[in-house]
Amino acid sequence: MLVGHARKDITPTEPFYLLGYKTDLRNQPAKGVHDHIFINALLFYDEKGDECFLATGDLLEIEDVVAADIRQKISRRFGIAMDHVIIGVTHDHHSVRDYHRTWEFGKFSQSYYDFFINSFVTAFEDCRETLTDVTVQYGQREVLGFYSNRNHANKPADNAVSVIKFLQDGKPVAGIVNMAVHSTVLGPDNQYLTADLAGNTCTKLADDWGFFPLMLIGCAADSSNRFERQGRDFAELERASSGLAAAISQIQTPKTLQLGKIRTLTLSHEVVNDKANYDQDLQTMIANLQNGAVKSVGSQPIEAVIEKCTDQLAQPQFHDLLSLQLLDIGDLRLFVFPGELASAGAKLLRASTDKTVLVAGYCNGFHYYFLQAQDYGLSFETIGNPVPAGTFEEIIAKFVSGSYLLDAYEQTK
């Protein structure tokens, strides 16, 4: 298997706005740059000449149409199948806004958008230039003390961190870190661009490993450092990213993976809510928040939750069509999802196959939070969520069924 790698700086050079946290403060231009933001990319090239491109950026989210724009440009220009192009983000709440077409705070910039799209295209070109024959090593370990379940204090989320290293002549030249945590050390008052937890952890790992790993965020819908952080400033970002990088750098990679034929399976899942019942639940929640029956909702002020519920009452009936993808690269299987899955899904996905599993959330679009039915009503993400309870469970079941199908198909070949 040939693997190529690339890293592109996408830090804006002109005045810009921040993306993340829906506050009026984000209608003001950013004050400056604390640390740069990047795209990290990998290209896999199998023995039949098929390619698979995986790229993630230090960004909050990527709209479906923007991800599709990037994917089709790469597909048409380089002759790679569009479903072999995966574009993801680290869910950085202090990233650039200017490429986002529809975010309600800040301003869109066509010049930055063009630069942004071209950065992914040139990352693909750079990956082709660096293609080399590699061996692949894998390891996984539970990392505790830096993040956990943000809806249930003192309980873990998906704390299993996976590390893949690509070695050329015995020397690591590229890799992947798959972890499941929101990249949200800093709070909504910050006005400086930063790659936050994921990006700064990546940089510190590069100091130790000699390469910048692609940071792939998994089932992180209910995972953050809410209960572990000691502040919401850059000093805490330094402490948290340094500690997390030190823990991840100690993960051994004893398992050799055989990367081979590239296969994909794309599934769909339709979501629609019962508008009448949904609105009744919203009205009941607003009343309970106003009369004090519900006194707290995670870290969000009551007023913010009431505003969210009120806004949702004015929305039309919720309907969405999700694209779920399973991607095999020999012994490696990626579950690709355009949104946020609850941490409980990770264990089930890993158990669905004997292959080595990575979970790629926030990829090829963004479609809301998908949390366990038992957690509805406990957090800002579940209260007022138009995605019906039980949808998460349906999606995981569909992913697992698809995993069984891929394995069965492979056994017949």
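The values are calculated or read from the model by the stated rules, or taken from the named source; none is laboratory data. Please read these numbers as outputs of a predicted model, since none were measured by experiment. When we count neighbours, we look across all protein chains shown, and the Cβ atoms used for this are built from the backbone with ideal geometry, even at glycine. What goes into the accessible areas is simple: the full protein's heavy atoms, side chains included, and nothing from ligands, DNA or RNA. Shrake-Rupley method; radii C 1.70, N 1.55, O 1.52, S 1.80 Å.
Below is a table of values for the structure above.
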{"quantity": "Calculated [θ] (222 nm, deg cm²/dmol) that DSSP helices of n ≥ 4 give over the chain, each run adding -39,500 (n - 2.57)", "calculated": "-10000 deg cm²/dmol"}
{"quantity": "Top of Leu358, Leu167, Leu216 by mean-square fluctuation, Gaussian network on the chain, Cα under 10 Å", "calculated": "Leu167"}
{"quantity": "Interchain or long-range residues, amide H under 5 Å from Asp222's placed H", "calculated": "Ser343"}
{"quantity": "Dipole magnitude of region 78-120, debye to nearest 20 (Cβ charges: Lys/Arg +1, Asp/Glu -1, about Cα centre)", "calculated": "100 debye"}
{"quantity": "Segment Glu394-Glu238, extension gain: residue separation times 0.36 nm, minus the distance between their alpha carbons", "calculated": "52.3 nm"}
{"quantity": "Accessible area of region 135-189 belonging to carbon and sulfur atoms, whole % at 1.4 Å probe", "calculated": "47 percent"}
{"quantity": "Ranking by accessible area, most exposed first, for Tyr409, Tyr113 with a 1.4 Å probe", "calculated": "Tyr409, Tyr113"}
{"quantity": "Entries in Lys22/Lys347; Lys165/Lys261; Lys8/Lys48; Lys171/Lys347; Lys8/Lys165; Lys31/Lys295 that, when Cα-Cα distance is taken, lie over 26 Å", "calculated": "Lys22/Lys347; Lys8/Lys48; Lys171/Lys347; Lys31/Lys295"}
{"quantity": "Rg followed by Dmax, in Å, when region 143-276 is reduced to its Cα trace", "calculated": "17.4, 62"}
{"quantity": "Cα point-scatterer Debye curve for region 126-178, base-10 log of I(q)/I(0) at q = 0.28, 0.32 Å⁻¹", "calculated": "-1.06, -1.19"}
{"quantity": "Projected area averaged over orientations for region 40-168, convex hull of C-alpha atoms, nm²", "calculated": "10.4 nm²"}
{"quantity": "Rounded to the nearest 10 Å², the accessible area of Lys165 at probe 1.4 Å", "calculated": "30 Å²"}
{"quantity": "Span from the region 87-165 Cα centroid across to the region 1-65 one, whole angstrom", "calculated": "7 Å"}
{"quantity": "Between helix 302-313 and the chain: long-axis angle, C-alpha atoms, 0 to 90°, nearest 10", "calculated": "80 degrees"}
{"quantity": "Pairs of Cα atoms farther than 33 Å apart, the chain, %", "calculated": "29 percent"}
{"quantity": "Relative contact order for the chain, counting Cα pairs under 8 Å that sit 6 or more residues apart, in percent", "calculated": "17 percent"}
{"quantity": "Listed residues Gln28, Gln230, Gln374, most fluctuating in the chain (Gaussian network, C-alpha, under 10 Å)", "calculated": "Gln374"}
{"quantity": "Protein-only accessible surface order, largest first, of Tyr278, Tyr404, Tyr45, Tyr147 at 1.4 Å", "calculated": "Tyr404, Tyr45, Tyr278, Tyr147"}
{"quantity": "Förster-model FRET efficiency, 25 Å R0, Arg101 and Asp320, C-beta, rounded to 0.05", "calculated": "0.90"}
{"quantity": "On Cα atoms only, tilt of 391-412 relative to the major axis of the chain in degrees", "calculated": "20 degrees"}
{"quantity": "Region 41-191, accessible area per residue, ligands and nucleic acids excluded (1.4 Å, Å²)", "calculated": "36 Å²"}
{"quantity": "Angle between the chain longest axis and helix 110-129 axis [Cα atoms, degrees, rounded to 10]", "calculated": "30 degrees"}
{"quantity": "At q = 0.28 Å⁻¹, base-10 log of I(q)/I(0) for region 19-89 (Debye sum, equal scatterers on each alpha carbon)", "calculated": "-1.30"}
{"quantity": "For Tyr112, solvent-accessible area (1.4 Å; no DNA, RNA or ligand), Å²", "calculated": "20 Å²"}
{"quantity": "Gain in span if fully extended, Ile302 to Thr23, counting 0.36 nm per residue against the direct Cα distance", "calculated": "98.9 nm"}
{"quantity": "Per-residue SASA entry for Thr264, accessible area with 1.4 Å probe, Å² rounded to 10", "calculated": "40 Å²"}
{"quantity": "Pair Asp50, Lys347: separation of 7 Å Cα→Cβ label points (nm)", "calculated": "3.3 nm"}
